[in-house]
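Peer 1: My questions will all concern the structure given below.
The values are calculated or read from the model by the stated rules, or taken from the named source; none is laboratory data. These numbers come from a predicted model, not from an experiment. Here the Cβ positions follow ideal geometry from the backbone for every residue, glycine too, while neighbour counts run over all protein chains shown. Please note that ligands, DNA and RNA were not included when accessible areas were found on the heavy atoms of the full protein model with its side chains. Shrake-Rupley method; radii C 1.70, N 1.55, O 1.52, S 1.80 Å.
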Amino acid sequence: MTLYILRRIALGLVILLIVALLLFGMMHMIPGDPTVVALGPRSTPEMREAFRQMMGLDRPLLEQLGAFLARLAQGNLGEDVWSRRPVLTMILEVLPYTVTLAVASFIWAVALGIVLGCAAVVHHGRWPDWLIGVLSVGLVAVPSFVVSLYSLLIFAVTLNWLPAIGAGEPGDITGQARALILPSFAIGLGWVGYVSRIVRAAMIEAMGEGYVRTLRSFGVPERRIIYRYALKQAFLAVLSVIAIGFGGLLTGSVFAEIVFSRPGLGKMTYDAVISRNYPVVMGTVLMTSGLYVTCMIIADVVTAFIDPRVRSAL
């Protein structure tokens with residue numbers, strides 16, 4: 001088990017290294033002079049040259065790459081271009097907002113998805129099963145930014161039930177919870193369909209196992225077989241999807257944070273891209289990638305702990 005965990009961690013580090021290299025390359029392939037975008041068209045050549053030296057853009061590309069990787073190895077994500085504050089400090093200030101949004105979306109989406117998946121299995125082959133299937137596919141097909149805009153228009157502007165922007169005042173738990181409802185609904189709705197379809201498929205497969213036929217022959221009620229045995233069997237298949245879903249919620253919060261003007265990694269990344277603030281862009285993308293990879297490693301380890309066949313096969 002220890003060797004398996006070390007292999008998964010090593011694979012995660014390799015993935016992060018590839019992400020860092022790709023990110024570095026893409027940042028330098030963006031057309032246009034970053035000094036003009038950052039300082040404005042009225043900046044003088046002297047100001048632009050000073051900015052290049054400050055950002056290290058005057059050095060050879062390989063030297064910039066080496067310095068970038070060396071900083072990453074030390075946990076240094078660089079400094080903000082304008083405030084000269086450490087990027088890691090800025091990320092840690094807004095990270096709780098993104099994690100809170102992802103966790104809130106994750107909890108209700110997974111809970112509702114499991115309920116719908118179980119209901120589809122209970123009514124397998126009948127009209128509730130078909131209705132849940134159509135609903136699940138429809139939820140997956142709707143983009144999160146469309147849900148964000150329409151939920152903002154209906155519940156915040158027209159009905160005035162919930163706040164339209166912001167994350168609530170610090171210390172006001174009720175206000176923060178109300179401000180969390182619309183964005184968590186917007187980014188979590190699509191994952192309800194994913195989870196319900198995976199739960200349904202995994203449980204139907206489990207219902208065809210030999211031990212289920214044995215339970216039926218002993219007169220065990222069908223609902224007990226579904227909820228006590230088949231759902232447990234389907235948990236391993238659902239676990240990986242749940243981990244991917246949580247990572248997707250972390251990375252997909254950008255639309256909700258922009259539409260609802262919430263602080264977070266997504267909003268910070270968007271603002272940094274607009275201003276060509278390279279250190280902040282790289283720092284936020286790497287942090288998001290790190291969180292995503294961490295979720296996948298945890299899911300793999302938990303799956304291997306529950307089912308030893310997984311770690312013996314790899």
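Peer 1: Note down the Stokes-Einstein diffusion coefficient of the chain in µm²/s, whole number, using a Kirkwood radius over alpha carbon pairs, 20 °C, and 1.002 mPa s.
Peer 2: Here the translational diffusion coefficient equals 96 µm²/s.
Peer 1: State, as an integer percentage, the relative contact order of region 94-195 based on alpha-carbon contacts under 8 Å between residues 6 or more apart.
Peer 2: Averaging sequence separation for qualifying contacts and normalising by length gives 42 percent for region 94-195.
Peer 1: Let me ask another. At a 1.4 Å probe, what is the % contribution of carbon and sulfur to the accessible area of the chain?
Peer 2: Accessible surface attributable to carbon and sulfur in the chain totals 70 percent.
Peer 1: Which residues in region 213-235 have a backbone N closer than 13 Å to a point placed 7 Å from the Cα of His123 along the Cα-to-Cβ line?
Peer 2: Backbone N within reach: none found.
Peer 1: For the chain, what is the relative contact order in percent, using Cα pairs closer than 8 Å and at least 6 residues apart in sequence?
Peer 2: 27
Peer 1: Using 0.36 nm per residue, how much length does the chain from Arg228 to Leu69 gain when fully extended, once their Cα-Cα distance is taken away?
Peer 2: Result: 52.3 nm gained on full extension.
Peer 1: For labels at Arg85 and Arg213 in the simple 7 Å Cα→Cβ model, what's the distance in nm?
Peer 2: 6.5
Peer 1: How would you order 13-20, 141-148 from highest to lowest mean count of nearby Cβ atoms within 10 Å?
Peer 2: 141-148, 13-20
Peer 1: Related question: Once the dipole of the chain is set up with Lys and Arg at +1 and Asp and Glu at -1 on Cβ about the Cα centre, which of Thr269, Leu92, Ile187 lies farthest towards its positive end?
Peer 2: The listed residue farthest towards the positive side: Ile187.
Peer 1: Does anyone have the angle between helix 127-141 and the longest principal axis of the chain? Alpha-carbon axes, 0 to 90°, nearest 10?
Peer 2: 10
Peer 1: Next up: How far is helix 45-55 tilted off the main Cα axis of the chain, in degrees rounded to 10, range 0 to 90?
Peer 2: Once rounded, one gets 50 degrees.
Peer 1: Two decimals is fine: what's Rg over Rh for region 1-144, C-alpha atoms, Kirkwood radius as Rh?
Peer 2: Radius of gyration over Kirkwood radius for region 1-144 works out to 1.17.
Peer 1: Taking the Cα centre of region 59-132 as the origin, how large is its charge dipole in debye, to the nearest 20, when only Lys and Arg (+1) and Asp and Glu (-1) carry charge on their Cβ atoms?
Peer 2: 60
Peer 1: Give the relative contact order (percent, whole number) for region 1-149; include only Cα pairs under 8 Å separated by 6+ residues.
Peer 2: Once normalised by length, the contact order is 7 percent.
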